[in-house]
Amino acid sequence: MATLPVLPLTDVVLLPGMVIPVTLDPTTQAAVDAARASGDKTLLAVPRIDGEYGPVGTIATIEKVGRLPDGEPAAVVRGLARARIGSGVPGPGAALWVEATRLDEPAPAGRARDLAREYRALMTSVLQQRGAWQVIDAMERMTDLSELADAAGYAPWLSLAQKTELLAAQDVTARLELLVGWVKDHLAEQEVTERITSDVREGLEKSQREFLLRQQLAAIRKELGEDEPDGSADYRSRVESADLPDKVREAALREVGKLERASDASPEAGWIRTWLDTVLEMPWSTRTEDNTDLTAARAVLDADHAGLADVKDRILEYLAVRNRRAERNLGVVGGRGSGAVLALAGPPGVGKTSLGESVARALGRNFVRVSLGGVRDE
């Protein structure tokens, strides 16, 4: 047991074998002065996390005292061995003195050498990613398993809590088990980070490539004396600024891309413009509340049409089913609240369209007539 001044470390953990600089403030300066005054320049470096000292510290010796390149005073200390912290004792100077019991490390046993081989392989992968070839060579030269494990104190990706846990583990096998698990977790995080970075980079490169290709296409059209397809740039801005569902916007932008590549003489350009105009005119975000009064709906149908009793009964059944489903809070089926679509079939002039108008008026909805494929009765 030895009586040593305490050197508190708040942003670093000193493990045996490590050499680190410690900036000097009033607390650390007192410990360094006390160690130098004792003659052997030995002190106890203890990690201090969240204002509390750990149970195990590192017996260290002062290598040099001077200034850092920025002029700040500092001391270079070398870790020698682990020590368990005992009770505080009075001592000279302003430093905190404690009784320290040196911890003798047991000889490696069991899985220690297998864990060391696995740890070397994992660390080689980490260091190769960083291009730290000199560190790989230094690690390969380490034959002492305890030295190999404690060298992890230099790893910037280990947290202070992890390094403190490493310091408290007296058995080298336990330290190597901890390190193997931590390195595996770190490699997994690195793989996920690299995948995300790669995806982002590919997305940016694709956008830049598309922009350059559009610029080149515009230059080629200009050299050939062809103008930009009418309104193609305007269609892109209109689609991007329109309040469209995501899948509709994606499909519309694909068609805009086809329009930008199409020639003015191509009939496809006209079809695409018509399709885009229809999509942009549709009220995607406009909704109306249905009128669920079946008696009023029957009155509207009777006022607008004489006869057609079977058709009116079927329409009222359809509206009744819609109302019942709404009362039971049943979800939509295929995007339709009622789960069904009414189809009125018959030759021109029998009242199909006017019946549709009557249904819309009974529900309180706006009525839109769309000729599919451009085919009209006349």
Residue by residue through region 74-82, which ³J(HN,Hα) values in whole Hz follow from phi under the Karplus form 6.51 cos²θ - 1.76 cosθ + 1.60 (θ = phi - 60°), with glycine and proline marked x? 7, 10, 9, 10, 10, x, 10, 7, 6
Quick check on packing: order 211-219, 295-303 by the mean number of other C-beta atoms within 10 Å, highest mean leading. 295-303, 211-219
Computed magnitude of the charge dipole of region 294-371 (debye, nearest 20; Cβ of K, R +1, Cβ of D, E -1): 300 debye
Picking from 9, 187, 279, whose Cα lies most toward the positive end of the charge dipole for the chain (charges on Cβ: Lys, Arg +1; Asp, Glu -1)? 187
Hey, can you grab everything whose amide H is under 5 Å from the amide H of residue 81? Only 5+ residues off in sequence or another chain; H modelled, so Pro and N-termini drop out. 59
Taking the mean number of other Cβ atoms within 10 Å as a proxy for protection, how do you rank 159-167, 350-358, 88-96, 133-141 from highest to lowest? 159-167, 350-358, 88-96, 133-141
Pull up all non-local amide H partners of residue 9: gap of 5 or more, or a different chain, and H-to-H distance under 5 Å with H placed in the peptide plane. 46, 48
Cβ neighbours within 10 Å, averaged per peptide: list 249-255, 174-180 in order, most packed at the top. 174-180, 249-255
Cα-based Rg then Dmax for region 2-102, in Å, read 12.3, 38
Work out from phi, with θ = phi - 60° and the Karplus expression 6.51 cos²θ - 1.76 cosθ + 1.60, the ³J(HN,Hα) of each residue of region 346-359, listed in order in whole Hz, and give x for Gly and Pro. x, x, x, x, 8, x, 4, 5, 5, 5, x, 5, 5, 4
Which of the three applies to region 147-246, rounded, prolate or oblate, going by the alpha-carbon gyration tensor with a ≥ b ≥ c and a/c under 1.5 meaning rounded? prolate
Karplus-derived HN-Hα couplings along region 6-11 (A = 6.51, B = -1.76, C = 1.60, θ = phi - 60°), whole Hz, x at Gly and Pro: 8, 9, x, 10, 9, 10
Nearest-0.05 FRET efficiency for residue 237 and residue 206, computed from C-beta distance (R0 25 Å): 0.80
Under the rule a/c < 1.5 gives rounded, and otherwise a/b versus b/c splits prolate from oblate, where does region 65-112 land using the Cα gyration tensor? oblate
Would you compute, for the Cα atoms of region 112-191, the largest minus smallest coordinate along each principal axis and list the three values in descending order, in whole Å? 31, 27, 20
Value of Rg/Rh across the chain [Cα atoms, Kirkwood radius]: 1.34
Among 164, 178, 127, the residue whose Cα sits farthest towards the positive end of the charge dipole of region 112-191, when +1 is placed on the Cβ of each Lys and Arg and -1 on the Cβ of each Asp and Glu, is 127
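Read-outs: derived from the displayed coordinates by stated rules, not from any lab. This is a predicted model, so every value here is computed, not measured. All Cβ positions, even for glycine, are placed from backbone atoms using ideal geometry, and neighbour counts span all protein chains on display.
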